[in-house]
Each structure stands twice: as structure tokens, then as C-alpha cells.
């Protein structure tokens with residue numbers, strides 16, 4: 001086990017990192033999950049369900065079961081789902097209202113679906129750990145992503161259990177996070193579409209930066225979640241206030257080091273599962289407790305995806 005130096009100026013944080021405390025895997029990784037068969041994809045997160053068609057009409061009990069499975073396993077994988085865009089939207093809508101993304105290209109007939117098409121002239125740029133729309137006052141509850149076309153090899157997505165990431169933190173670090181908030185800003189990622197300072201200012205007016213707790217509580221499970229991400233989280237909002245107003249010459253460095261340490265937790269392999277896409281694979285993930293990273297290793301091949309995003313609640 002290696003030493004983790006989270007804050008170089010603060011000896012209390014240079015401690016031995018704890019191993020992740022994940023729920024023990026059942027004796028059988030394959031079996032029945034509600035009315036469906038399935039298999040676990042890792043000890044930490046991920047469940048692939050079989051014998052299920054997302055094009056069918058689900059009753060309330062089935063929707064409730066899928067919601068429970070999502071909260072528990074955080075990433076649900078469905079293979080061979082040859083659904084229409086309308087069926088894709090209808091399935092996602094069973095779990096809540098859908099957002100219409102203000103920036104990413106949308107399906108011409110279904111504005112609730114955003115489209116990602118990458119090829120030799122449009123290189124993918126989602127290769128950073130992030131939680132979708134964390135820059136909203138009410139970030140998304142979940143995302144339903146369908147593979148329309150993908151290369152035979154490459155283009156996988158990594159998903160990260162941020163509950164496990166929080167649980168693994170040393171107690172000295174957890175104490176520093178009590179009451180700590182951070183800022184999330186859409187312009188960090190999307191300002192390339194508005195390269196002028198005036199354009200960036202307009203984007204911040206349309207989607208103002210928002211303040212969220214560094215550790216949020218899952219509204220259904222009560223789990224604590226480390227809620228900062230490399231794409232949209234910019235800095236702590238109240239580090240000085242949490243540290244009783246102390247802002248001496250070392251405090252800015254300590255704040256930056258702690259911030260960087262927390263962002264790095266998503267990169268830990270023990271918290272991750274890697275999904276290999278095939279045409280008509282659909283992945284439904286809990287965006288409250290999961291981050292993801294789309295691996296851009298397939299250039300110049302085509303990778304085409306559609307995503308419906310379910311609006312969530314304000315993090316607490």
C-alpha cells in the first residue's frame with residue numbers, strides 16, 4: 001500500500017490511503033435480478049441485464065425495480081437493443097423529465113436526444129472524467145446512451161463509482177470536506193464554441209456557474225458521493241470559511257493540492273468498470289454517483305452515439 005500525499009504543505013493529509021470499501025460480491029456473479037437475468041461486471045459497479053427489451057412497455061413495478069438496480073449497481077448495460085429514437089426517449093422518460101441540452105447537437109425529430117458523431121473530421125473530446133451537466137442547479141439524475149455505430153475495436157467508456165471513491169478517502173481528508181462546496185462552470189468545456197471573451201460572458205449569463213457540495217448524499221440510498229469532476233468543477237467556493245477564515249501564505253497551496261487530490265480519485269482502477277460498446281448497446285448510468293470517460297482511441301474510425309438525459313435534483 002502506498003502513501004498518498006494529498007496536500008504537500010499539510011502533514012495531516014499525507015496518510016496511508018484506505019482500500020475501497022465496496023459491498024461484497026455475491027457468491028454468484030450471474031443470476032436473477034428481479035424478473036431478469038444478469039451478470040455483474042465488476043465488484044464495484046456495473047450490471048449487464050439480459051432477456052429484456054427496452055422497446056417494450058414497462059409497468060410501474062418493473063420501472064421501480066430498474067430504478068433500484070440502477071441505484072445499487074450504478075451502471076446498467078443492455079445489449080442488442082434495436083430501438084427507434086422515439087422508443088429511446090420513451091424509455092428514458094419513465095424515470096423522469098428529460099433535458100434538452102442547450103449546446104450539444106440534438107436529434108432533428110427528438111430534441112431530448114443529443115447526438116455524438118466522431119470520425120476523421122470530427123475528433124471526440126469527451127476523454128475527461130466528468131459527471132454530465134454538473135453545471136446545472138439540478139444536475140442530471142441519469143443518462144441513457146445508445147451506440148448507433150462504433151469501431152470493431154476501441155471507443156470504450158470507463159465508468160467510476162464515486163461512492164467508493166469517497167469511502168476510500170482517509171478520515172483526515174473527509175473531515176476537511178465537511179461543509180465544503182465547489183463551483184461548477186459549463187464554460188470551461190463549452191467555451192471553445194464561443195472563442196471570444198464576449199461569447200464566454202454570454203455563455204456564463206445563459207448558464208451561470210453553480211455551487212454544489214463537494215460531498216453530496218444520494219437521495220435514494222443515502223450514500224455519500226464525492227462530487228467534483230475534472231471537466232466542470234473549477235475550484236472550492238468556501239475553503240477559507242470552512243477553515244475558520246485562515247488564509248495565510250500556505251492556504252492557497254493547500255486548497256489547490258486538496259482540490260487536485262480529490263479530482264484524481266476518479267482515475268483509480270479499483271473504482272472503475274470499462275464497457276465495450278457494440279451496435280445497439282444501451283448503457284443507463286446513475287449520473288449522481290458515477291463519472292465517466294469516453295476513450296478516444298478509435299480515430300479516424302466512426303463512433304456514433306445518442307443520449308437521453310434525465311433531470312435530477314439539487315445536490316445536498
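Annotation: of all residues in the stretch 94-124 being outside any loop (DSSP other than H, G, I, E, B) and touching a residue at least 60 places away in the same chain (Cβ under 8 Å), the one that is farthest from residue 303 (Cα to Cα) is 98. Taking residue 239 as the residue in question, decide whether it is closer than 18 Å to residue 185 by Cα, modelled with pLDDT under 95 and buried (at least 19 other Cβ atoms within 10 Å of the Cβ). Taking the combined requirement at face value, the residue satisfies it.
Select from the stretch 125-151 the residues that are outside any strand (DSSP E or B) and within 11 Å of the chain's Cα centre (by Cα) and write down the one among them that is farthest from residue 218 (Cα to Cα).
Looking at the filtered set, the residue picked out is 128.
Here residue 181 qualifies as without any contact (Cβ under 8 Å) to a residue 60 or more places away in the chain and in contact with a strand residue (DSSP E or B) (Cβ under 7 Å, 6 or more places away or on another chain). Checking each residue in the stretch 216-239 for being touching a strand residue (DSSP E or B) at 6+ places or on another chain (Cβ under 8 Å) and over 16 Å from residue 140 (Cα atoms) picks out 223, 224, 230, 234, 235, 236, 237, 238. Do you know which residues across the stretch 242-258 are assigned to a loop (DSSP other than H, G, I, E, B), within 24 Å of residue 166 (Cβ to Cβ) and modelled with pLDDT of 75 or more? Of everything in the stretch 242-258, just one residue is assigned to a loop (DSSP other than H, G, I, E, B), within 24 Å of residue 166 (Cβ to Cβ) and modelled with pLDDT of 75 or more, namely 243. The single condition from (1) under 27 Å from residue 157 (Cα atoms); (2) out of contact with any helix residue (DSSP H, G or I) (no Cβ under 9 Å at 6 or more places or on another chain) that residue 218 fails is (2).
The values are calculated or read from the model by the stated rules, or taken from the named source; none is laboratory data. All values derive from a computational prediction rather than experimental measurement. Note that each Cβ is placed from the backbone with ideal geometry, even for glycine, and that neighbours are counted across all protein chains shown.
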